[in-house]
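Below: the structure, in structure tokens.
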Amino acid sequence: MLAWLNGELVPEERAQVSVLDRGFLFGDGVYELVRCFGGLGVALDLHVARLARSLELARIDGFDATRLGAIARELMRANGLRDASVYLQVTRGAGATRSHMPQPGLAPTVVALASATPALDAFTAPDALRAIVRPDLRWHRCEIKTVSLAGNILSLLEAQAAGADECILVRGGLVGEGAYTNVAIVTGGTVVTCPLGDGAAPVLHGTMRCWMLEAAREAGVRHEVRRVREDELRTADEVLVQSSRRLVAGVVELDGRRVGDGAPGPACRALFAAMRARIEHEVASARG
């Protein structure tokens, strides 16, 4: 497979960066992952906007986020891929020495990788996941999609040890997000998801969170954006998680206790179908 490294396509095994790169030394960088079906990047506009926001908030200069789509297409063409996940990472760059304070004028290091993923035909029903609930011990700036993911990884390792797939994080009794997903609940027929940027429980600006809310509006599913308490999570009729990998999935077990009837519920199935249909329509339109 070929990787995209600072403007050049090179074999992945030869894609090398300096040991002084700040992404390697400090996790000083940001990233995006775009899911592509039939050569089309899903929610690409939202990914570009989020990458631009991350770069601005992290104060990383020298890379234009609008290049994301072109890089993804170039990388997929070079590797003969139509259905893929494209990962792009931008670090602050490599300094002359290891120093906590960045040296001025660094050129960012930009790396993109593509890997084959299932085609849209494989998305026939929402996944069923098991999750645990744990305190959110990470930093507050979750709106920056940083490569510094140690806190998320530790939560996922704890989930793995408990036989679960995801860890839902709470802070001050309020639900934030999962270790690698956004979270929503269904209560009384209403889909409820956490607000962005209210400072109580950090939440990433999830692209599929946005699509889920748009799908709910178009399908006439009642929905709210408000704070969600931990006790509401534990008593919800459905618990939903959203990510580019799964679109929307149902949490069917929470801390070892069954959620609902132990399968993705009606809201989850309806939203999944609407989001999948949107991708199918957009891919067909792009081909046309």
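The values are calculated or read from the model by the stated rules, or taken from the named source; none is laboratory data. What you are looking at is a predicted structure, and each value in this text was computed from that prediction instead of being measured. Here the Cβ positions follow ideal geometry from the backbone for every residue, glycine too, while neighbour counts run over all protein chains shown.
Data overview
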{"read-out": "Search result, residues across the range 112-148 that are in a loop (DSSP other than H, G, I, E, B) and either in contact with a His (Cβ under 6 Å, 6 or more places away or on another chain) or surrounded by 15 or more Cβ atoms within 10 Å (Cβ to Cβ) (or both)", "value": "Thr117, Phe123, Pro126, Asp127, Asp136, Arg138, Cys142, Glu143, Ile144, Lys145, Val147, Ser148"}
{"read-out": "Sole residue being without any contact (Cβ under 8 Å) to a residue 24 or more places away in the chain, under 20 Å from Val42 (Cα atoms) and not hydroxyl-bearing (Ser, Thr, Tyr), chosen from Ala122, Ala112, Ala116", "value": "Ala122"}
{"read-out": "Qualifying position, being crowded, with 17+ Cβ neighbours inside 10 Å and either over 20 Å from Val283 (Cα atoms) or not assigned by TED's automatic domain parsing to the domain that holds Ser115 (or both), among Gly23, Gly27, Gly62, Gly7", "value": "Gly23"}
{"read-out": "Residue satisfying condition, being closer than 25 Å to Trp139 by Cα and at pLDDT below 95, within set Arg92, Arg98", "value": "Arg98"}
{"read-out": "Residue ID - nearest to the chain's Cα centre (by Cα), chosen from residues in the range 114-140 that are among the charged types (D, E, K, R) and closer than 30 Å to Leu75 by Cα", "value": "Asp127"}
{"read-out": "Residue check for Glu232: assigned to a helix (DSSP H, G or I), over 20 Å from Val34 (Cβ atoms), touching a Ser or Thr at 6+ places or on another chain (Cβ under 8 Å) and not basic (Lys, Arg)", "value": "yes"}
